[in-house]
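The structure appears below as structure tokens.
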2 protein chains.
Amino acid sequence: MSQSTMTSVRARAAGDRWEGDLTRRLLASAALTTEDPGSRIAPGTFHDWFAEQARAHRYVTSRVGFPALSGWRFAPGTGNLEHESGRFFTVEGLRVHRDGGPVESWTQPVIVQPEIGVLGILMKEFGGVLYCLMQAKMEPGNIGPLQLSPTVQATRSNYTGVHRGRRVPYLEYFTESGRGRVLTDVLQSEQGAWFLHKRNRNVVVVTDEDVPVLDGFRWMTLGRLGRLLHADNLVNMDARTVLASLPLTAAGELPGTADDAFTAALRRSMDPAAGTVHSMTEILSWLTAARSRRELRQERIPLAETARDGWTTESEVIRHRDGEYFSVIAVDVRAGNREVSRWGQPLLAPAARGFAGLLTARIGGVLHVLLQAQVESGTLNVAEVGPTVMCLPEAGPDTPDEHRPPFWDLVLSAPPRSRRLDVVLSEEGGRFFHAVTRYVIVDAGDGPLPDVPRDHCWIAVHQAAELLRHSNYVNVQARTLLACLSTLWPTGRA
Amino acid sequence: MSQSTMTSVRARAAGDRWEGDLTRRLLASAALTTEDPGSRIAPGTFHDWFAEQARAHRYVTSRVGFPALSGWRFAPGTGNLEHESGRFFTVEGLRVHRDGGPVESWTQPVIVQPEIGVLGILMKEFGGVLYCLMQAKMEPGNIGPLQLSPTVQATRSNYTGVHRGRRVPYLEYFTESGRGRVLTDVLQSEQGAWFLHKRNRNVVVVTDEDVPVLDGFRWMTLGRLGRLLHADNLVNMDARTVLASLPLTAAGELPGTADDAFTAALRRSMDPAAGTVHSMTEILSWLTAARSRRELRQERIPLAETARDGWTTESEVIRHRDGEYFSVIAVDVRAGNREVSRWGQPLLAPAARGFAGLLTARIGGVLHVLLQAQVESGTLNVAEVGPTVMCLPEAGPDTPDEHRPPFWDLVLSAPPRSRRLDVVLSEEGGRFFHAVTRYVIVDAGDGPLPDVPRDHCWIAVHQAAELLRHSNYVNVQARTLLACLSTLWPTGRA
């Protein structure tokens, strides 16, 4: 055997111990929910810094007509909206055939972006505590316009320099090997209702190197970040999905003490040895069966062909004749501190707010979440695991019974003390214009459980963490909810 | 908490114990490599039974022109070959853009079959030993024409009755819940060079019910089946992929004794506690990085558009002007014991035999396999993990150096005593005509290891088993090799 391989095998044994130890250190960082200590690490308060970032740079996003959109055009023949470089993304037509749903077949516009981008959080230890390097980032579709973003949030066109802008800072930690230790690294899907087969690389790296903190960036503990997840429209979708993939599970005792039965059950559920309703084999089989029961046929078609289903392209907007679903608009953007300081791009603007609710229950003293196998227009592999209830647009009190999804009433009628989360968060502002979702977590307690339809399944928190290590199991809304849930174990409430 | 859920949590604790116990029972079955005992379970010898099956039924497959192909047509406009029901599968065009490869962009015919079929093996215990119910099944593209198949091998069109034939026997064990215990249940990919995004449900169920053995079926131990994997063109692709997904790993001592250093290292590598070169996090990150480094753009196009790259549709064949790659032909089939007794269908006929080689090494006394991140035209998620070396057509001694894939020489020049497997096996005879691959496993021993390019990675057997629990990690050729490898631990040699 070669010497180098022997070394690798030995290093791996040490790495295993470090991995167990690391989980403890992640949890310790997650338990620090108050303002970051140490003026050298992150001077001033978060809110002062964030307000200063907003003041220091000027961002102007103005709506323009498509003809004024520099670099973009409607392709002759297909009517697809595309960039003249052939890169970034396109808005095309999609024909969907999905058996078993209320509507079996339809066409719609869809964003096609086959390239895989990087969503990366860089971590580093200061004074024995792990910190995440976060960014106050402007995106044209943001409500804000700043939101808290991962260290790196870059499409492949960004970081391979198609837009001829400044290089993406800190990218090398995620694309060069040996710059740190990888904690998680997985391709995850994004909104299946609006994207065809979109996925991004979700990656977290811990480095020992000296990391200069550029303007617009700040070191924060996991706990502080978790706290900010409970504020409306502050932590962006990209940060949430990366946070969701962190392995926040641990055997045995966690830091701090549980302050109620919910927190106690949540802490127990983070232990991989905790009892569960289903085994992992059963959960994987449940999802495989759901994927096999249905058929999802997806066919890319010219955008022009969606006209027969009521979609029209006008000079300022692509929209549906009923004003429903979403429209595609164009914006001109001026930003002081982005890779390029002025650009134009299309954005998808949802017609209404979405809703994503997660029901939890304490089963045998272990917190379980009720997840649903969900088929969306653009899902890569038929179905992914989504929230207990997800609707777009959000159902309301006037929605007729037959259009209310299962568990919607149960989640919405829960008494306030059962509601562990109720927050409005933004979806990706680089593609979507003011796209917001109301995220709610409701604890059903330890009383009688509702009947579970065959597309739903009770899953323990450590089992969800296991699913999150792999691609295309958990959809982006469920990932936000799980990221939020994992902020509740230190104290149980926002 | 409801009474029923309490019961579920308790049952799960018992289930966990059963799962550990089950792995032992699977291994015990895999250790029984000789003729099945017990005339009640499976009378006579396997070879007598198999020969009798071949004699008892008459199968005639004749090549016909496309105009004589009942139910199939070339669609006007696109030239796609399709069934008049709109079901089964189509032969369409595919435009591939793949950066980084020797050829960056091309078009080709491809089989599109979005529906997900069932490949299921039913198991049952007799006299304390687990048996698999296998089938001697005719497929029109088989060399044989019989090969040993899973209990159920059915497309969705088959089992939902599109072809109005007989129902698929034993299907209910895999589509109805509660008919047995699921050991594994996962969607797995098939040939990415010929299929676009094809996947099937690979499922194994152990039942306690009385199972009538229909004509053409036979109970066999895992070990006996494993032995037959070493015979040319006998165990079909569908059986091999299901066998690969069985959890053949176990902590601690295995039945029998290792008869050499290779077998000892293989047995050690089946223990999830065995030391490995890389952690699972590192392996998942390696594959994620490989998927992100590259771009794979796949676009379905009319078959007629592949003409510009040299593909022509003639009355009897779709072929490439150079006679390379593959052709698509049509056959008329008469079979006595299939769901329908006469039908016509297209088949894809490769121009040459393929090659798939697996290099193993004993690293720190633990057997590792060298796997490669592989991008193919029809891969669902950019890349899957394939064999150490895979080429289609097989490279030969006259192949110029620059066209020989990495490790091809190393695998082929290995001395006979290092060659643990060398067998020619058939790919799926329901879609491919006489498609065969030479599968070779070579042990590099415990000497100096070759340099590993960044698309390759050393992976322990228990880690490969973990990857096999999930969809789209391990490609179909690597699954065959891993199924073959797992037959070598009881004795080390075919």
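Checking each residue in segment A:278-311 for being touching a His at 6+ places or on another chain (Cβ under 6 Å) and either open to solvent by less than 10 Å² (accessible area, probe 1.4 Å) or not charged (D, E, K, R) (or both) picks out A:Gly310, A:Trp311. Taking segment B:112-172 and the strands (runs of 3 or more DSSP E) fully enclosed by it, the elements with 2 or more residues that are more than 30 Å from B:Asn80 (Cα to Cα) and open to solvent by less than 10 Å² (accessible area, probe 1.4 Å) are at B:117-126, B:129-138, B:146-149. Just one of the listed residues (B:Gly365, B:Gly344, B:Gly336, B:Gly323) is within 14 Å of chain A (Cβ to nearest Cβ) and open to solvent by 10 Å² or more (accessible area, probe 1.4 Å), and it is B:Gly365.
Of the numbered conditions (1) touching a Lys or Arg at 6+ places or on another chain (Cβ under 7 Å); (2) of a type in the set (S, T, N, Q); (3) in a loop (DSSP other than H, G, I, E, B); (4) closer than 30 Å to B:Ala193 by Cα, B:Thr33 satisfies every one except a single condition; which is it? Only one criterion in (1) touching a Lys or Arg at 6+ places or on another chain (Cβ under 7 Å); (2) of a type in the set (S, T, N, Q); (3) in a loop (DSSP other than H, G, I, E, B); (4) closer than 30 Å to B:Ala193 by Cα is unmet by B:Thr33, namely (4). Within segment B:173-183, the residues that satisfy the criterion of being more than 10 Å from chain A (Cβ to nearest Cβ) and assigned to a loop (DSSP other than H, G, I, E, B) are B:Glu176, B:Gly178, B:Arg179, B:Gly180. What do you reckon, is B:Pro247 within 12 Å of chain A (Cβ to nearest Cβ) and assigned to a loop (DSSP other than H, G, I, E, B)? Against the criterion (within 12 Å of chain A (Cβ to nearest Cβ) and assigned to a loop (DSSP other than H, G, I, E, B)), B:Pro247 qualifies. Each residue in segment A:184-237 was checked for being within 24 Å of B:Leu284 (Cα to Cα) and either out of contact with any strand residue (DSSP E or B) (no Cβ under 9 Å at 6 or more places or on another chain) or within 14 Å of chain B (Cβ to nearest Cβ) (or both), and 17 pass.
Against the test of being crowded, with 17+ Cβ neighbours inside 10 Å, over 26 Å from the mean Cα position of the chain (by Cα) and touching a residue at least 60 places away in the same chain (Cβ under 8 Å), the options B:Ala244, B:Ala274, B:Ala250 yield a single qualifying residue, B:Ala274. Out of all the residues in segment A:431-461, which are open to solvent by 10 Å² or more (accessible area, probe 1.4 Å), more than 14 Å from every other protein chain (Cβ to nearest Cβ) and of a type outside the set (S, T, N, Q)? Scanning segment A:431-461 gives A:Arg431, A:Phe433, A:His434, A:Val436, A:Arg438, A:Val461.
A single member of B:Ala330, B:Ala335 is small (Gly, Ala, Ser), over 30 Å from B:Ala483 (Cβ atoms), in contact with a strand residue (DSSP E or B) (Cβ under 8 Å, 6 or more places away or on another chain) and touching a residue at least 40 places away in the same chain (Cβ under 8 Å), and it is B:Ala330. Within segment B:119-141, is there a residue that is of a type in the set (Lys, Arg) and within 22 Å of B:Val60 (Cα to Cα)? Yes, segment B:119-141 contains at least one residue that is of a type in the set (Lys, Arg) and within 22 Å of B:Val60 (Cα to Cα).
So that you can scan it fast, the table gives a plain yes or no per residue for (1) closer than 15 Å to A:Gly192 by Cα; (2) within 14 Å of chain B (Cβ to nearest Cβ); (3) out of contact with any His (no Cβ under 7 Å at 6 or more places or on another chain):
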position: A:Leu69; (1), (2), (3): no, no, yes
position: A:Arg73; (1), (2), (3): no, no, yes
position: A:Asn80; (1), (2), (3): no, yes, yes
position: A:His83; (1), (2), (3): no, no, yes
position: A:Val96; (1), (2), (3): yes, yes, yes
position: A:Ser105; (1), (2), (3): no, yes, no
position: A:Gln108; (1), (2), (3): yes, no, yes
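The residues of segment A:43-72 that are farther than 18 Å from A:Ser149 by Cα and of a type in the set (Phe, Trp, Tyr), listed by number, are A:Phe66, A:Trp72.
Checked against (1) of a type in the set (S, T, N, Q); (2) facing chain B (nearest Cβ under 7 Å); (3) assigned to a helix (DSSP H, G or I), A:Thr263 passes all but a single condition, namely (2).
Just for segment B:473-494: of the residues that are modelled with pLDDT under 95 and buried (at least 21 other Cβ atoms within 10 Å of the Cβ), which one is nearest to the other protein chains (Cβ to nearest Cβ)? Out of the qualifying residues, it is B:Ser486. Being open to solvent by 60 Å² or more (accessible area, probe 1.4 Å), within 30 Å of B:Asp99 (Cβ to Cβ) and either within 11 Å of chain A (Cβ to nearest Cβ) or modelled with pLDDT of 90 or more (or both): is that true of B:Glu314 here? Considered against the rule, which asks whether it is open to solvent by 60 Å² or more (accessible area, probe 1.4 Å), within 30 Å of B:Asp99 (Cβ to Cβ) and either within 11 Å of chain A (Cβ to nearest Cβ) or modelled with pLDDT of 90 or more (or both), B:Glu314 comes out as no.
Of all the listed residues (A:Arg420, A:Arg469), the sole one being open to solvent by 10 Å² or more (accessible area, probe 1.4 Å), farther than 26 Å from A:Phe89 by Cβ and part of a strand (DSSP E or B) is A:Arg420. I'm checking my understanding of the structure. Among residues of segment B:391-442 that are within 22 Å of the chain's Cα centre (by Cα) and among the β-branched types (Val, Ile, Thr), which one is nearest to B:Asn158 (Cα to Cα)? Within segment B:391-442, the match that is nearest to B:Asn158 (Cα to Cα) is B:Val436. With respect to the stated conditions, A:Arg404 is among the basic types (Lys, Arg) and open to solvent by 20 Å² or more (accessible area, probe 1.4 Å). Going by the conditions given, is A:Gly20 within 14 Å of another protein chain (Cβ to nearest Cβ), open to solvent by less than 40 Å² (accessible area, probe 1.4 Å) and modelled with pLDDT under 90? Answer is no for this residue. When each of B:Ser413, B:Ser426 is tested for being open to solvent by 30 Å² or more (accessible area, probe 1.4 Å), among the hydroxyl-bearing types (Ser, Thr, Tyr) and away from chain A (no Cβ under 14 Å), the lone residue that passes is B:Ser413. Counting only residues that are more than 7 Å from chain A (Cβ to nearest Cβ) and among the polar types (S, T, N, Q), segment B:278-299 holds 1 of them.
In segment A:188-205, the count of residues that are surrounded by fewer than 22 Cβ atoms within 10 Å (Cβ to Cβ) and assigned to a strand (DSSP E or B) is one or more. Filtered by the rule that a residue be at pLDDT below 95 and either of a type outside the set (D, E, K, R) or touching a Pro at 6+ places or on another chain (Cβ under 8 Å) (or both), segment A:326-342 gives A:Val333, A:Ala335, A:Gly336, A:Asn337, A:Val340, A:Ser341. Comparison of A:Gly378, A:Gly396, A:Gly429 shows that the only residue that is modelled with pLDDT under 95 and small (Gly, Ala, Ser) is A:Gly396. Of everything listed in (1) open to solvent by 10 Å² or more (accessible area, probe 1.4 Å); (2) within 14 Å of chain A (Cβ to nearest Cβ), the single unmet condition for B:Gln372 is (2).
The values are calculated or read from the model by the stated rules, or taken from the named source; none is laboratory data. Note that the structure is a prediction, hence the values are computed from the model and not measured. We place every Cβ from the backbone using ideal geometry, glycine too, and count neighbours over all the protein chains shown. Each accessible area value is taken on the protein alone, full model and side chains, heavy atoms only, with ligands, DNA and RNA left out. Shrake-Rupley method; radii C 1.70, N 1.55, O 1.52, S 1.80 Å.
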